[in-house]
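Please read the structure below before turning to the comments.
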């Protein structure tokens with residue numbers, strides 16, 4: 001179908017528009033399906049974009065940090081901590097390193113053991129926070145040196161649990177895009193059914209139009225226009241409702257973790273505006289295909 005045919009089918013024609021009833025079951029079905037699917041598509045798009053941001057943030061933040069744990073008897077912990085800090089200061093790729101205070105370690109354990117955890121009476125290891133710099137940390141080489149000079153030191157570069165988190169966020173992003181594709185397919189299927197039902201219900205009218213000389217392109221254009229504009233209207237309403245729902249979601253916060261910040265950011269708020277256009281395009285293609293096949297079957 002070339003652009004000229006598309007413009008012809010979408011051009012307003014009062015005579016042709018009277019062929020398709022402006023109300024009825026198919027009209028309500030098209031509006032409802034378009035609106036509901038657009039509403040879901042907004043949330044699927046928000047999930048996909050938020051998951052992409054989450055994967056990038058986790059990948060960049062966790063890749064540039066490491067933790068050194070000093071597992072040593074209480075009387076040796078301070079000396080081994082100082083020795084480890086000295087080694088880290090001499091290690092290329094380490095931008096900074098510092099030992100966490102007792103208050104900071106207590107805050108890290110508070111979600112599991114409460115805020116009143118007595119660290120001085122428990123064998124809690126000393127943690128050292130490492131921030132990587134250029135040209136990057138040689139974790140294997142650092143582990144070998146620490147193993148020889150600081151026996152109680154255990155280096156964790158976060159690789160073991162960073163990669164599953166990033167992979168999980170990326171999987172959520174892919175799931176969001178797959179959901180949008182499924183929503184588009186379901187919309188096309190429902191509008192096709194509605195168009196077929198409308199064509200079948202108006203079979204006698206179509207036959208009369210043919211007898212007085214109306215061409216199939218004229219008849220198909222009436223159905224395509226009607227269903228395309230219905231889908232555009234329904235999708236626009238559903239998109240606005242979906243954007244309002246996303247706007248009411250909690251904003252990003254450290255306390256909420258990945259359960260917050262699922263909305264759009266910045267120019268991302270313009271992306272849902274494409275959904276009504278895509279919904280109308282899906283309706284146009286689905287109705288055009290259904291009309292062509294149905295009119296051929298009624299010949």
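Worth pointing out:
- In this label model, residue 212 and residue 293 are separated by 3.0 nm, measuring between points 7 Å along each Cα→Cβ vector.
- Among 228-234, 133-139, the order from most to least packed when residues are scored by Cβ within 10 Å on average: 228-234, 133-139
- Likely footprinting exposure, 33, 131, fewest C-beta neighbours within 10 Å first: 131, 33
- Panel order for 227, 43, by other beta carbons found within 10 Å of each beta carbon, from fewest to most: 43, 227.
- Its Cα gyration tensor gives region 72-151 an equivalent ellipsoid, and the semi-axes of that ellipsoid, as √(5λ) in whole Å with the largest first, are 26, 16, 10.
- Computed extension gain for residue 86 through residue 205, at 0.36 nm per residue and net of the alpha carbon distance, reaches 33.9 nm.
- As an equivalent ellipsoid, region 173-216 spans semi-axes of 37, 10, 4 angstrom, where each value is the square root of five times an eigenvalue of the C-alpha gyration tensor, largest first.
- Packing rank of 34-40, 70-76, where each peptide gets the mean count of other beta carbons within 10 Å, highest leading: 34-40, 70-76
- Between residue 98 and residue 74, the simple label model (points 7 Å from Cα in the Cβ direction) yields a spacing of 2.6 nm.
- Sorting the segments 45-52, 79-86, 93-100 by their residues' average number of neighbouring beta-carbon atoms within 10 angstrom, most packed first, yields 45-52, 79-86, 93-100.
- FRET efficiency for the pair residue 107 and residue 165, taken as 1/(1 + (r/R0)^6) with r the Cβ-Cβ distance and R0 = 22 Å, rounds to 0.55.
Computed from the coordinates by the stated procedures, all read-outs in this text should not be read as laboratory data. Owing to the predicted nature of the structure, the values given are computational and were not obtained by experimental measurement. Cβ: placed from backbone, ideal geometry, glycine included. Neighbour counts: every protein chain shown.
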